[in-house]
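The values are calculated or read from the model by the stated rules, or taken from the named source; none is laboratory data. Note that the structure is predicted; figures quoted are calculated from it, not measured. For neighbour counting, all protein chains shown are included, and Cβ atoms are generated from backbone atoms with ideal geometry for every residue, glycine included.
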2 protein chains.
Amino acid sequence: MAREQAYHHGALREALLEAGDMVLAERGLKDFTLRECARRAGVSHSAPKHHFGDAAGFLTQIAARGFDRLRESLETRLAAARDLDEEFAETTRAYVGFAEANPEHFRIMFRCDLLHDMDETLVRAAQRTFTVLTNVIRRQRGEPEITLEELNGAFSFAALLEDTLIGWCHIHGFAHLKMERQLRIVPDQDFESLLTRTSARVGRMMRPSS
Amino acid sequence: MAREQAYHHGALREALLEAGDMVLAERGLKDFTLRECARRAGVSHSAPKHHFGDAAGFLTQIAARGFDRLRESLETRLAAARDLDEEFAETTRAYVGFAEANPEHFRIMFRCDLLHDMDETLVRAAQRTFTVLTNVIRRQRGEPEITLEELNGAFSFAALLEDTLIGWCHIHGFAHLKMERQLRIVPDQDFESLLTRTSARVGRMMRPSS
DNA sequence: TCCTCTATCTTGACAGTGCAAAGATTCTCG
DNA sequence: CGAGAATCTTTGCACTGTCAAGATAGAGGA
């Protein structure tokens with residue numbers, strides 16, 4: 001269908017999600033409104049209700065798409081890394097880069113109070129992203145990759161969990177603090193170098209060889 | 001004055017801030033409203049304007065008080081640490097504990113888009129907190145403490161800045177991820193142990209002796 | 001004491017919001 | 001072809017932040 005001006009939109013759900021991405025990026029989470037999204041999709045202000053329930057339901061799907069985009073970005077950037085030394089730093093760069101390029105998406109992705117945080121789509125999207133990060137750590141540790149399904153039972157291995165936590169906390173903390181302007185102490189011209197050096201050190205500390 | 005029912009409240013500014021702390025904690029950042037704060041303070045809905053300007057001005061002061069409370073909590077908990085091994089872990093515990101005990105304050109403290117993030121009171125409060133963290137790292141490194149004033153010029157020393165970044169990213173990332181329910185992979189009964197072990201490792205990596 | 005100026009607080013109005021109920025239109029499938 | 005389900009609109013409500021205008025109280029000088 002998908003014809004213009006029809007009573008039944010045909011692809012309203014997808015159109016609303018794309019409008020939502022635009023509104024979120026342009027107006028920010030602060031001024032994000034369902035009604036503006038509906039206006040951009042060309043429908044009445046309560047059309048979203050049928051597809052998403054309430055605002056939290058809508059934001060949940062937008063957040064899930066955010067995790068998908070973050071995962072894609074990480075995977076793309078990782079494919080280009082040449083050695084272990086570079087890989088962990090590149091992961092940090094990609095994660096921080098996503099947060100800085102999409103601050104409003106990053107904000108909603110990590111606001112469990114605004115989302116249906118047990119929604120299956122959201123949880124799966126976040127888990128898939130987390131799996132990419134875990135495999136980065138596994139390569140640092142000299143272990144083979146692992147699938148999402150294997151991962152859900154694999155964390156009886158405390159050593160891997162420790163390293164994974166250390167890695168994710170470093171990456172996420174870096175991204176969040178930078179995005180929310182709490183790293184003003186770091187001069188702009190030194191930022192890239194500091195990210196690389198600190199990330200390389202954190203990555204190296206979980207490698208068995210050194 | 002501070003008498004009840006007076007036209008001039010006498011201490012309205014402080015009363016509004018305390019009401020704001022209550023409303024934020026009870027209703028959450030999601031449902032925080034100026035009007036509810038005014039109601040609790042017993043004044044009209046636009047009384048806050050004279051003292052704080054707009055909503056961002058009000059939230060800025062609440063966030064600054066949040067940083068003060070976080071700093072006080074860190075200082076208190078640090079005073080009890082017995083050795084370096086424990087000190088960094090205890091810092092993490094205190095920071096994570098604050099985020100979990102005051103999630104809504106933590107959220108507003110790190111939302112630069114909702115605050116006047118260059119406000120002097122806010123910046124100073126955040127800097128004082130950051131100074132406490134920096135001194136934790138300095139003790140790990142075997143260096144003497146530093147004041148806020150000295151700190152603002154001290155970061156030509158790249159090595160200290162590196163360690164400080166690593167430490168803060170670890171602590172903050174841990175707290176933020178935990179508070180926003182993104183550490184579901186960590187079983188509850190293992191959480192305390194993992195926090196202690198990962199933090200001790202991160203602290204140890206910046207000590208010259210090992 | 002009185003009087004003006006300023007700080008403080010109230011009142012009323014406005015555009016905008018999310019949500020819910022009820023109605024309208026279109027699609028689907030027997 | 002016709003009934004029921006799916007999809008979208010209309011209307012109404014309580015609530016919000018901000019603004020403009022007015023009311024009240026305190027402070028300091030004559």
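Among the residues that make up the stretch B:125-136, is at least one of them in contact (Cβ under 8 Å) with a residue 60 or more places away in the chain and of a type in the set (Lys, Arg)? The answer is yes; a qualifying residue exists.
State which residue is farthest from DNA strand C (Cβ to nearest atom) when the search covers only the stretch B:24-41 and only residues that are touching a residue at least 24 places away in the same chain (Cβ under 8 Å) and small (Gly, Ala, Ser). Looking at the filtered set, the residue picked out is B:Ala25. Of the helices (runs of 4 or more DSSP H) lying entirely inside the stretch A:24-127, those containing at least 3 residues that are under 30 Å from A:Pro208 (Cα atoms) and more than 13 Å from chain B (Cβ to nearest Cβ) span A:55-79, A:84-101.
With over 22 Å from B:Ser199 (Cα atoms) and in the same structural domain as A:Arg71 (by TED's automatic domain parsing) as the only criterion, which of A:Glu162, A:Glu150 stands out? Sole residue among the options that is over 22 Å from B:Ser199 (Cα atoms) and in the same structural domain as A:Arg71 (by TED's automatic domain parsing): A:Glu150. Against the criterion of being crowded, with 18+ Cβ neighbours inside 10 Å and either touching a strand residue (DSSP E or B) at 6+ places or on another chain (Cβ under 6 Å) or over 18 Å from A:Thr164 (Cα atoms) (or both), A:Glu87 does not qualify. In the stretch B:95-106, the residues that are farther than 10 Å from B:Gly66 by Cα reach residues that are hydroxyl-bearing (Ser, Thr, Tyr) with C-beta atoms within less than 9 angstrom, at least six apart or across chains, in these pairs: B:Tyr95/B:Ser73; B:Gly97/B:Ser73; B:Ala101/B:Ser73.
What about A:Gly57, is it more than 30 Å from A:Leu165 (Cβ to Cβ) and without any contact (Cβ under 8 Å) to a residue 12 or more places away in the chain? No, not satisfied. The number of residues in the stretch B:43-96 that are within 16 Å of DNA strand D (Cβ to nearest atom), of a type in the set (Gly, Ala, Ser) and touching a Phe, Trp or Tyr at 6+ places or on another chain (Cβ under 6 Å) comes to 0. Inspection of the stretch A:178-198 identifies at least one residue that is within 7 Å of chain B (Cβ to nearest Cβ), over 20 Å from the mean Cα position of the chain (by Cα) and surrounded by 20 or more Cβ atoms within 10 Å (Cβ to Cβ).
Can you pull out every residue in the stretch A:153-177 that is part of a helix (DSSP H, G or I), at pLDDT below 90 and more than 8 Å from every other protein chain (Cβ to nearest Cβ)?
Filtering the stretch A:153-177 down to residues part of a helix (DSSP H, G or I) leaves A:153-154, A:158-177.
From what is left, the residues that are at pLDDT below 90 are A:153-154, A:158-160.
Matches in the stretch A:153-177: A:Gly153, A:Ala154, A:Ala159, A:Leu160.
If I go through the stretch B:7-19 residue by residue, how many of them are at pLDDT below 75 and surrounded by 10 or more Cβ atoms within 10 Å (Cβ to Cβ)? Here the count works out to 2. B:Glu149 fulfils the conditions (1) in contact with a helix residue (DSSP H, G or I) (Cβ under 7 Å, 6 or more places away or on another chain); (2) at pLDDT below 95; (3) more than 9 Å from chain A (Cβ to nearest Cβ); (4) part of a helix (DSSP H, G or I) except for a single criterion, (1).
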